[in-house]
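*Asks:* Starting off with a structure, shown below.
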Amino acid sequence: MSRPLVPTAELVTVPSRAVVPLFDSGHAGVPARLPDIIVNRHPLPHALHPDLVMLTRPDGPRAARFRALRHRLAERRDPRCILVTSAGAREGKTFVATNLALAIAELHRYRVLLVDGHLRRPELARRFGLERGQHACLLSQLEHHREYPDAPWRVTALGRCDLHLLAIALSTDRSRVLDGPAFALAIERLRQTYDYVIIDGAPVLDGPEVNLIEDSVGALLFAARGGHTSGRQLKTAFEQVSPTDVLGVALLGE
Amino acid sequence: MIDREEESRPVPPALYLARRAARHYGLFLIVLAAGLVGTAAVVRFTDQVYRSEAVILYRNTRAGSTDSSDTSRRVATRLQDMLMSRERIHRVMKDLSLYPEIKNRDEAADEMHKKIGFRARDGSTFLVWYDAHLPATAQAVVQKLSATLIEDNTRLRVAEADETRRFLDQERVRVGQEVKVKETALTSFLRSHPDAISGRSGGGESAGPPPGLEQIQREMERLRSSGGGASAVDRPDPEVMATVRRAESDYGTALKDLDDKSQRLTDAHPDLITARARARQAELNVQRIREAAGLGRPSPAPKAAEAGGQHSEQVAAIQRELARLSRPRPSGSPRMTRQQLEASVNFESLRRDLEQSRARLASLEDKQFQAGLTAKIETNSEIGQLALLDPATRPGLPFQNVRKKVAIAGVLASLLIALAVAALRARSDDRIHDRADAEWLGGKPVLVLLPPPPRERRRSANV
């Protein structure tokens, strides 16, 4: 028996929202069930990361801005799978991705999944205080699903918020390369379960990760930092991800 | 720090660029401060310029001179050339020890030349000025320049007048001797030719020297004007008399021409015949006009009998002489009349030469007087050609305030340079600072403006 991916006890099976008829050769017309989502509940740490402003200061101006971003995205074709990226490093991608996901989740109306897509600098586990072993690493699951494509996905739910997290373990070997097709397939499957999938991606100009997975996402949202992000680089990044839909820019002040 | 949402609205390119440049106000202030400091240093070490001026008055001291060449423009040109002469500049530099730092004296003179000014004001006054870094220097230079200019001009004028006077003295002596010589010659001629001016051949004694043709006419005029036999009541009005005199003048001219031709031509010559006819016609005109004027024909014998005395006899004699001259000379007659005429001509020539010499002598005496007067005037400084009307004063305030100009120019230059540096920095800096930058440089809309993440964990935010 294979070692369970998540050693903790509480597992919740989340049925898939979309039931896709699957006809096998022996049983025509009998629908098949998609793999389930196994949710691992984990309490939020006492000392929340200060960048999680939707949790630390839900009434603050930053939280209000993220709610406004949520509203604007809903106005712009309401994309359900958003890859948050940037032109270069340290421009606020994780800050935008985490708080945007929390802003959508706080409505308690949608299932929101936040996925760590930055292989070389995974940040979600750190932000949410998840140590190794306390969550199922995305990369491990991708490898597992190569062999067992129908295996359920294991995600982490934090406290009482409706946000599920699929992070990359902190100790992951950063020299590894993201399996783009596997990642894309995973996103495709997860989108069937969740209403919103927010991916904290890698910088466009730092490597090919974004180009590998951009086709599987609905749209791109760029994060930029005032006084830091180069306009020329930003424009180059836009051209590099073309023709994928770029929703716009979330600009962080200086 | 972004603290409020900004609505997306298009920004004009010029305003956008200005805003981008304004972001680098720190660099602008630094460059501006550096420029202002540099300007202050330059102003501090900039020498002020002081100008001292003097006014020179010009007077035309040539009494009665109407010399149109001495116009104000020529005077101004002459004075300016004298003022700016290198010799004068060298002299002033030496006397006042100017430009010790310039070894080459010619270069120093050129430098000084640039600072000397001269201008004609209203044709009679001239302004001289000099710019220097010290008020005392400016005043001293202008004083020296104006004083030397007046002195040199006076000296030249006096020398010129003295030279003129010397020349005139010499000429006067020479012409005086010439007059004496000619008087002697004329007297000798008259002694040897007592009848040189008389047409009478062995005639009776006459009171004075026998008149020539012109003399005869003048004598006639004199006698007539003295009222020979006619009272003032009987004289016609002046206009009539003028007409009579014109006719007599024409008559005299005709006689003169006849006399001249009779000496040169034979009786058969057509010109001589024409001259005789003209003289006769003129005589008839005189008679007609006199009769018309009521003066009557001046008949010698009855008039002389009525008037009595020598006066009438003189008039009659003159008339006979005129009549004789107008008659054609009979052929084969002896040449006595010709000799007398030659003597008369020679007399006239000698007399004319004497008169010309006397006239020249009189002119020389007049010029000598004027030259002496000019020299006298020029030696008197108060009434010389040039006088110092307004002496040079020590200036109290700088001329044109050079430091102020330098300061203003420095401030403006600093501002422009600081703006240029800020603009260049803005152009080279393509970082995004606000919504306009993101949309302008990136080309995509900004969905939200977010405050930066909390600073406490910003360092660990590995995004």
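*Asks:* Based on this model, can you work out whether A:Leu55 counts as touching a Cys at 6+ places or on another chain (Cβ under 9 Å), touching a residue at least 60 places away in the same chain (Cβ under 8 Å) and assigned to a helix (DSSP H, G or I)?
*Replies:* In short, yes.
*Asks:* Considering every residue within region A:188-197, establish whether at least one is open to solvent by 10 Å² or more (accessible area, probe 1.4 Å), part of a strand (DSSP E or B), more than 14 Å from every other protein chain (Cβ to nearest Cβ) and not hydrophobic (A, V, I, L, M, F, W, C).
*Replies:* For region A:188-197, residues open to solvent by 10 Å² or more (accessible area, probe 1.4 Å), part of a strand (DSSP E or B), more than 14 Å from every other protein chain (Cβ to nearest Cβ) and not hydrophobic (A, V, I, L, M, F, W, C): present.
*Asks:* Continuing with this model, one more query. Can you spot a residue in region A:86-104 that is part of a strand (DSSP E or B) and closer than 17 Å to A:Glu188 by Cα?
*Replies:* no
*Asks:* Could you check region A:212-252 and list, in sequence order, the residues that are crowded, with 17+ Cβ neighbours inside 10 Å and small (Gly, Ala, Ser)?
*Replies:* A:Ser216, A:Gly218, A:Ala219, A:Ala223, A:Ala224, A:Gly226, A:Ser230, A:Gly231, A:Ala237, A:Gly248, A:Ala250
*Asks:* Scan region B:420-451 residue by residue and report those that are in contact (Cβ under 8 Å) with a residue 12 or more places away in the chain, of a type outside the set (Asp, Glu) and part of a loop (DSSP other than H, G, I, E, B).
*Replies:* B:His433, B:Pro445, B:Pro451
*Asks:* If you don't mind, another one. Out of B:Lys115, B:Lys94, I need the residue that is touching a Phe, Trp or Tyr at 6+ places or on another chain (Cβ under 8 Å) and charged (D, E, K, R). Which one?
*Replies:* One residue alone meets the criteria, B:Lys115.
*Asks:* Next question. Does region B:369-385 include one or more residues that are assigned to a helix (DSSP H, G or I), surrounded by fewer than 16 Cβ atoms within 10 Å (Cβ to Cβ), of a type in the set (Lys, Arg) and at pLDDT below 90?
*Replies:* Yes - at least one qualifying residue is present in region B:369-385.
*Asks:* In addition: Failed condition for A:Ala169, given (1) more than 11 Å from chain B (Cβ to nearest Cβ); (2) surrounded by fewer than 19 Cβ atoms within 10 Å (Cβ to Cβ); (3) not polar (S, T, N, Q), with all others met?
*Replies:* Condition (2) is where A:Ala169 drops out.
*Asks:* If you don't mind, there's one more thing I want to ask. Give region A:213-254 a look and list any residue that's more than 7 Å from chain B (Cβ to nearest Cβ), farther than 22 Å from A:Asp179 by Cα and part of a helix (DSSP H, G or I), or say none.
*Replies:* Of everything in region A:213-254, those that are more than 7 Å from chain B (Cβ to nearest Cβ), farther than 22 Å from A:Asp179 by Cα and part of a helix (DSSP H, G or I) turn out to be A:Gln233, A:Thr236, A:Glu239.
*Asks:* Follow-up question, since we're still on this one. Of the conditions (1) modelled with pLDDT of 90 or more; (2) under 21 Å from B:Asp250 (Cα atoms), B:Arg360 fails just one. Which one is it?
*Replies:* (2)
*Asks:* Counting only residues that are open to solvent by 30 Å² or more (accessible area, probe 1.4 Å) and in contact (Cβ under 8 Å) with a residue 40 or more places away in the chain, which one in region B:161-170 is nearest to the chain's Cα centre (by Cα)?
*Replies:* Residue satisfying both the conditions and the ranking: B:Thr164.
*Asks:* Within region B:427-437, identify whether any single residue is at pLDDT 85 or above, touching a His at 6+ places or on another chain (Cβ under 6 Å) and more than 7 Å from every other protein chain (Cβ to nearest Cβ), and answer yes or no.
*Replies:* So far as region B:427-437 goes, no, none of its residues is at pLDDT 85 or above, touching a His at 6+ places or on another chain (Cβ under 6 Å) and more than 7 Å from every other protein chain (Cβ to nearest Cβ).
*Asks:* Still on this structure: A:His49 fails exactly one of the following numbered conditions: (1) touching a Phe, Trp or Tyr at 6+ places or on another chain (Cβ under 9 Å); (2) more than 30 Å from A:Gln240 (Cα to Cα); (3) open to solvent by less than 40 Å² (accessible area, probe 1.4 Å); (4) more than 12 Å from every other protein chain (Cβ to nearest Cβ). What is the number of that condition?
*Replies:* It fails just one condition, (4).
*Asks:* While we're looking at this one, here's another question. Which residue out of B:Pro445, B:Pro451 is in contact with a Pro (Cβ under 8 Å, 6 or more places away or on another chain), within 7 Å of chain A (Cβ to nearest Cβ) and closer than 30 Å to A:Arg65 by Cα?
*Replies:* B:Pro451
Conditions (1) farther than 18 Å from B:Leu83 by Cα; (2) surrounded by 17 or more Cβ atoms within 10 Å (Cβ to Cβ); (3) in contact with a Pro (Cβ under 9 Å, 6 or more places away or on another chain), marked per residue:
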site: B:Tyr130; (1), (2), (3): no, yes, no
site: B:Ala138; (1), (2), (3): no, yes, yes
site: B:Ile150; (1), (2), (3): no, yes, no
site: B:Arg172; (1), (2), (3): yes, yes, no
site: B:Glu178; (1), (2), (3): yes, yes, no
site: B:Glu183; (1), (2), (3): yes, no, no
site: B:Ser188; (1), (2), (3): yes, no, no
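*Asks:* Exactly one condition in (1) surrounded by 13 or more Cβ atoms within 10 Å (Cβ to Cβ); (2) modelled with pLDDT of 85 or more; (3) assigned to a loop (DSSP other than H, G, I, E, B); (4) not hydroxyl-bearing (Ser, Thr, Tyr) is not met by B:Leu32; state its number.
*Replies:* (3)
The values are calculated or read from the model by the stated rules, or taken from the named source; none is laboratory data. These numbers come from a predicted model, not from an experiment. No Cβ is skipped: glycine too gets one built from the backbone with ideal geometry, and neighbour counts run over all protein chains shown. Note: areas computed on protein heavy atoms with side chains; ligands, DNA, RNA excluded. Shrake-Rupley method; radii C 1.70, N 1.55, O 1.52, S 1.80 Å.
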